[in-house]
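Read the structure below first, then the notes.
The values are calculated or read from the model by the stated rules, or taken from the named source; none is laboratory data. The model shown is predicted, which means the values in this text are computed figures rather than measured ones. Backbone-built Cβ (ideal geometry, glycine too); neighbour counts: all protein chains shown. In case anyone asks, the SASA skips ligands and DNA or RNA and just uses the protein heavy atoms, side chains included. Shrake-Rupley method; radii C 1.70, N 1.55, O 1.52, S 1.80 Å.
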Amino acid sequence: MHCVTVKAGMDCAFMTKSGCGFNGGSCHQVIEQCDGCQRVMETPTGRYCSSFPNPSAKWRTSQCNFATHVKLESSSQQLAKINPLKASKRNTKGK
Ligand code: SF4
């Protein structure tokens, strides 16, 4: 259904006949980390993300994976996230 609250006219999965079903009853505004992202929408009611209803949740644990203004973490940082158990098994197979 199309939003009739803060992003009026946009198709939204949270909008129902009885109103916005998102936590709090509407989208939350973008946060400081979103500055420069192309998904930021300027509306008469404020600045919102066109992809997510709660931008602060996207930045809570790490950077937003849909952000257009920041690069993803380098591959060396991603390697650090490999499951150590699986890496250990992989190493023993070679012996
Ligand atoms: S895509 Fe991520 S960084 Fe961009 S506005 Fe939305 S929440 Fe913010």
Problem set entry | Accessible surface of Ser62 - all protein chains present, 1.4 Å probe, nearest 10 Å² | 50 Å²
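Could you give the length gained on full extension between Lys81 and Thr61, defined as 0.36 nm per residue of separation minus the Cα-Cα distance, in nm?
5.9 nm
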Problem set entry | For segment 1-76: relative contact order, % (alpha-carbon pairs under 8 angstrom, 6 or more apart) | 23 percent
Problem set entry | GluC sites (Glu not before Pro) within segment 1-94, DSSP loop, no more than 16 other Cβ atoms inside 10 Å | Glu73
Problem set entry | Rounded accessible area per residue of segment 15-93, 1.4 Å, Å² | 73 Å²
For this session: Grab the DSSP H runs of the chain that are 4 residues or longer, score each as -39,500 (n - 2.57), total them, divide by all residues and round the 222 nm result to the nearest 500 deg cm²/dmol.
Result: -4500 deg cm²/dmol
Exercise. How long are the semi-axes of the ellipsoid equivalent to segment 25-73, from square roots of 5 times the Cα gyration tensor eigenvalues, in whole Å, largest first?
Worked result: 18, 12, 8
Exercise. If one takes the longest principal axis of the Cα atoms in the chain, at what angle in degrees, from 0 to 90 and to the nearest 10, does the Cα axis of helix 84-93 lie?
Worked result: 40 degrees
For this session: Provide the net charge surrounding Phe52, with neighbours chosen by a C-beta distance below 15 Å and charges set as Lys +1, Arg +1, Asp -1, Glu -1.
Result: +4
Seminar exercise, completed: the chain: Kirkwood hydrodynamic radius (Cα pairs, Å) comes out at 15.9 Å
